[in-house]
Amino acid sequence: MVGTEWYIALSGVLFAIGMIGVMTRRTAVLIFLSVELMLNAANLALVAFARAWGDLTAQTAVFIVMTLAAAEVAIGLAIIVTIFRKRASTNVDDLAELKG
Amino acid sequence: MSAFFFVVLAVLIITGALVTVIASNAVHAALGLVATLVALAMTYVTLDAHFLGAVQVIVYAGAIMVLFLFVIMLLDATRPVTAHNPVGFVNELAALGGAALAGALGLIALGWRDPRPLAEGAAALRNGTPGAVGETLLTRFVLPFEAVSVLLLVAVVGSIVLVKRPVSQPSAVPEAQPIESGERAGA
Amino acid sequence: MGVLEIAKGMGVTLGKLFQKPVTVSYPESRAQIKPRFRGRHFLTRHPGTGLEKCIGCSLCAAACPAYAIYVEAAENDPAAPVSPGERYAKVYEINMLRCIFCGMCEEACPTGAVVLGNEFEMADFRYADFVYGKEDMLVGQPGTKPQRREAARLGKPVRSGFEVTPRAELEGVKYQ
Amino acid sequence: MPYWLADLLWVVVKGVALAFALLTTFAYMTLVERRLLARMQIRHGPNRVGPLGLLQPAADAIKSIFKEDFRVTAADKVVYTLAPIVAIACALTAFGAIPAGPANSFFGLNPWVYDLDIGLLAVLALTSMGVYGIFLGGWASGSKYPLLGGLRSSAQMISYELGMGLSVLGLLMLVGSTRLRDIVDWQGANGWLILFQLTGFALFIISSFAEVNRTPFDLPEAEQELVAGYLTEFNAIKWALFQMAEYVNMITASAIMSTLFFGGWRGPQFLDAIIPGISAWPFVWLILKIAAFLFLFIWVRATLPRLRYDQLMRFGWKLLLPAALLNTVVTAGYVAYAREGLRWPLFVIGALGLAALVVGSDRIRVLVNSPRTTGVTELAPPPSGRPLGGD
């Protein structure tokens, strides 16, 4: 049996990779993907803890996180599409100003 | 046995994540994330969260990632961005910081011990079937559940409002366009 | 499209499932063709005497829009005439690759010698085999060149892949 | 050999056997489909290879395996190869969840490959992964028509997956389990679920047609508009794999429909009076039911024309989805408030819903057709006196 700590460590590594992605990526869509990676790292930790404590609360939390992620992606991608229509680019450095 | 599964799945997860972060082609990056998500779903199943595993594949890999790919193809964003980095050493910084974070989190995690015997915990989870999760969700957490459903509705409406173009209804009789001014109307 | 219309349509297809197919399995069973179908030419003979109707006038060659016909005439030997007239066709060739089966030759022919028949199974391998000579087209030669060759190889009579009653102009023509 | 290893080995053996069975069925399915389509069009169909054309599948297989396997220059190397593999893998895996008989009835083995608590959800998950095969295949070809076909198919499959998932919710509420064996057992005790979920079944079968990309919903590979959609740039064995995936998906959809609504591997129980135990024979009934549904797939393909793309989307989102939601709500209300064990009103409700769909199907056309074509009654006359369309 693999101990819970290994799953938590895996979750940590996944989170770190996601963070690297957010820092290095230049396209809005890809930054989004990296954020999803970090969300999933958190989910993995929650599921592992649910098993460790024998408590379904954490699994419920994961379920809600997934729903949130769906909502976030819907809105986020809509924003990206809108921006792309206006600027013909999804490079975040081009968008670092408040002019429309 | 489960150690073997864990190693295989962990390798898959990490590889997929690295592809997501490193691949220059956006579609490849998204596919890496899909691999990670599916491997994560299998990990959930090994962790007695069957329902979450299925939902992970259906919602995350099956719907959200398809949406991502859809947008990537729609915007033709597959080509790598070649713009100049505002901070010259951002990649090195990210790698260093990421490695440090991964190491720190890993060390903290490995120093942690299970609070109670796994067999006992697994019994309480009831395999994480839809019934078990649903019971918890709709009794103790019914308020967050409803709040999330409202949030989803708002997100759907919001994204439609954001993306929808104003539809110009074609009129049955074509209007005469004034052309004396030398400007084309609506161009 | 209402559900009832869909149901009606489904009924039609299901009914057709039990109907006999109209397709003819052509090489095995014979195809039914119309008498007026224009296939390769025949050179007919006079019914009583058996003399060739062709008198070598080359009007068919003149009428041919595709220049597919070549005629070389010669004087008849009065003792053993080939045709009832003064002259006969020593060489009569039709290039079936050029022929467009329009029937102009048949219309131009003053004696009704060249008549378009119904045979169409002429696919062959060599260019030269598509040039049909007199001996290939005279009444009494069954089938086309490749069919005759195949029949000779197998030692069986020529078998046409179609069924038709020849029109009246095709005197003495019978299909196997 | 430790116990779990032997177990795992048996599962692998069963899986491989199932894959072979499915692929053979696929091969002969293509022949049967071509023959049946031909007969419905009063033709003969392929009958040249072997007696009655029975060796045609073998000839097709040899041809597609030994054909030159080339790749388009603009194609994305990895994804181009990966796409057909993903498609066929998801299709084959999904079928493993179907129980084909009672436990231990297959020479002492269980007649299924895997049996999960989340059986139905697992199947839905795998079919939703199947979208990737088509989607990525279309993108990786690096050409316009396949890309359009891929985008279409992803939009279509996601839309209809929702309707599919929602239309079985009522059924799941009645049974109270997502395990396919439980669903079959429930039907053995209470009667086939089609009786209680008529509307649900009607919606489910429509979404199944859309989900497996069959006529009238075969938009992704619309030959007339998109050449062959996502298949355009694929050839040889990759093309064959896509075809395989489509047909295996069709078989899986048939099996799911039989299992969910028509009693699964159980036969009609009144036959037990004639031959005792006949209704519990493994495989026989399931295969019969699958065959019936496959015939329906072919029959519909021979009859119906293809929908236009906007009609497809309107139908899915404006009719199928609300109807499925309504069905779910009605069933939920019934399950919550009705007396335990009293089920005939459900049949009445389902029949009423179905009747409403049938009667109103002509009225609903407004939803399916474009709203712009309904308002404008008359076209404006051409601007000048010049006649339209040539002289």
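The values are calculated or read from the model by the stated rules, or taken from the named source; none is laboratory data. In this text, all values refer to a predicted model and were calculated from it rather than measured experimentally. Note: ideal-geometry Cβ built from the backbone for every residue, glycine included; neighbour counts use all protein chains shown. Keep in mind that these areas ignore ligands, DNA and RNA; they rest on the heavy atoms of the full protein, side chains included. Shrake-Rupley method; radii C 1.70, N 1.55, O 1.52, S 1.80 Å.
In table form, for the structure just shown:
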item: Qualifying residue in segment A:9-23 (condition: more than 7 Å from every other protein chain (Cβ to nearest Cβ) and among the hydroxyl-bearing types (S, T, Y)); result: yes
item: Segment D:235-272: number of residues that are open to solvent by 20 Å² or more (accessible area, probe 1.4 Å), more than 22 Å from D:L193 (Cα to Cα) and among the aliphatic types (A, V, I, L, M); result: 3
item: When residues of segment D:140-154 are limited to those that are more than 11 Å from chain B (Cβ to nearest Cβ) and not in a helix (DSSP H, G or I), the one least open to solvent (accessible area, probe 1.4 Å); result: D:S141
item: Complete set of residues in segment D:97-139 that are polar (S, T, N, Q), out of contact with any Gly (no Cβ under 6 Å at 6 or more places or on another chain) and assigned to a helix (DSSP H, G or I); result: D:T127
item: All positions within segment D:273-292 that are open to solvent by less than 70 Å² (accessible area, probe 1.4 Å) and more than 16 Å from D:G101 (Cβ to Cβ); result: D:A291, D:A292
item: Some residue of segment A:43-59 being buried (at least 17 other Cβ atoms within 10 Å of the Cβ), under 30 Å from B:N25 (Cβ atoms), of a type outside the set (V, I, T) and within 7 Å of chain B (Cβ to nearest Cβ); result: yes
item: Options D:V227, D:V184, D:V123; residue that is over 25 Å from D:P322 (Cα atoms), in contact with a helix residue (DSSP H, G or I) (Cβ under 8 Å, 6 or more places away or on another chain) and open to solvent by less than 20 Å² (accessible area, probe 1.4 Å); result: D:V184
item: Test result for D:G133, among the small types (G, A, S), under 20 Å from D:S254 (Cβ atoms) and surrounded by fewer than 24 Cβ atoms within 10 Å (Cβ to Cβ); result: no
item: Test: residue in segment C:88-109 that is touching a strand residue (DSSP E or B) at 6+ places or on another chain (Cβ under 8 Å) and within 14 Å of chain D (Cβ to nearest Cβ); result: no
item: Segment A:65-90 - residue that is open to solvent by less than 30 Å² (accessible area, probe 1.4 Å) and modelled with pLDDT under 75 and, of those, nearest to B:Y60 (Cα to Cα); result: A:T90
item: Scan of segment A:24-42 for residues that are farther than 25 Å from B:F141 by Cα and facing another protein chain (nearest Cβ under 7 Å), ordered by number; result: A:T24, A:R26, A:T27, A:V29, A:L30, A:L33, A:S34, A:L37
item: Subset of segment C:141-176 that is in contact with a Lys or Arg (Cβ under 7 Å, 6 or more places away or on another chain) and loosely packed, with under 13 Cβ neighbours inside 10 Å - its residue that is farthest from C:T44 (Cα to Cα); result: C:E163
item: Candidates D:S159, D:S128, filtered to the one that is within 14 Å of chain B (Cβ to nearest Cβ), in contact (Cβ under 8 Å) with a residue 40 or more places away in the chain and not hydrophobic (A, V, I, L, M, F, W, C); result: D:S159
item: Meets criteria (over 22 Å from D:V248 (Cα atoms) and either at pLDDT below 85 or not small (G, A, S) (or both)) for D:F70; result: yes
item: D:W299, sole failed condition from (1) crowded, with 19+ Cβ neighbours inside 10 Å; (2) part of a helix (DSSP H, G or I); result: (1)
item: Filter result for D:A122 (facing chain B (nearest Cβ under 10 Å), modelled with pLDDT of 85 or more and under 22 Å from D:L162 (Cα atoms)); result: yes
item: Only one of B:T78, B:T139 that is more than 7 Å from every other protein chain (Cβ to nearest Cβ), at pLDDT 75 or above and either open to solvent by less than 70 Å² (accessible area, probe 1.4 Å) or over 30 Å from D:Q156 (Cβ atoms) (or both); result: B:T139
item: Selection from segment B:26-45 of residues that are at the interface with chain A (Cβ under 10 Å from one of its Cβ atoms) and over 24 Å from A:V47 (Cα atoms); result: B:A26, B:A29
item: Within segment C:10-32, considering residues that are of a type in the set (D, E, K, R) and without any contact (Cβ under 8 Å) to a residue 60 or more places away in the chain, the one farthest from the other protein chains (Cβ to nearest Cβ); result: C:E28
item: Residue ID - farthest from the chain's Cα centre (by Cα), chosen from residues in segment D:37-57 that are open to solvent by 70 Å² or more (accessible area, probe 1.4 Å) and within 12 Å of chain C (Cβ to nearest Cβ); result: D:R48
item: Complete set of residues in segment C:125-140 that are of a type outside the set (A, V, I, L, M) and surrounded by 16 or more Cβ atoms within 10 Å (Cβ to Cβ); result: C:D129, C:F130, C:Y132, C:K134, C:D136
item: Output for segment D:59-75, where each listed residue is in contact (Cβ under 8 Å) with a residue 12 or more places away in the chain, assigned to a helix (DSSP H, G or I) and surrounded by 13 or more Cβ atoms within 10 Å (Cβ to Cβ); result: D:D60, D:A61, D:S64
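Each row is one residue, and each column tells you yes or no for (1) open to solvent by 70 Å² or more (accessible area, probe 1.4 Å); (2) among the β-branched types (V, I, T); (3) more than 21 Å from the chain's Cα centre (by Cα); (4) modelled with pLDDT of 80 or more.
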position	(1), (2), (3), (4)
D:A324	no, no, no, yes
D:A332	no, no, yes, yes
D:E340	yes, no, yes, no
D:V348	no, yes, yes, yes
D:L352	yes, no, yes, yes
D:I364	no, yes, yes, no
D:N369	no, no, yes, no
D:T377	yes, yes, yes, no
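Quick grid of which residues meet (1) open to solvent by 60 Å² or more (accessible area, probe 1.4 Å); (2) part of a loop (DSSP other than H, G, I, E, B); (3) in contact with a Leu (Cβ under 8 Å, 6 or more places away or on another chain); (4) modelled with pLDDT of 80 or more:
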{"site": "B:A104", "(1), (2), (3), (4)": "no, no, no, yes"}
{"site": "B:V133", "(1), (2), (3), (4)": "no, no, yes, yes"}
{"site": "B:F145", "(1), (2), (3), (4)": "yes, no, yes, yes"}
{"site": "B:L151", "(1), (2), (3), (4)": "yes, no, yes, yes"}
{"site": "B:P170", "(1), (2), (3), (4)": "yes, yes, no, no"}
{"site": "B:E175", "(1), (2), (3), (4)": "yes, yes, no, no"}
{"site": "B:E180", "(1), (2), (3), (4)": "yes, yes, no, no"}
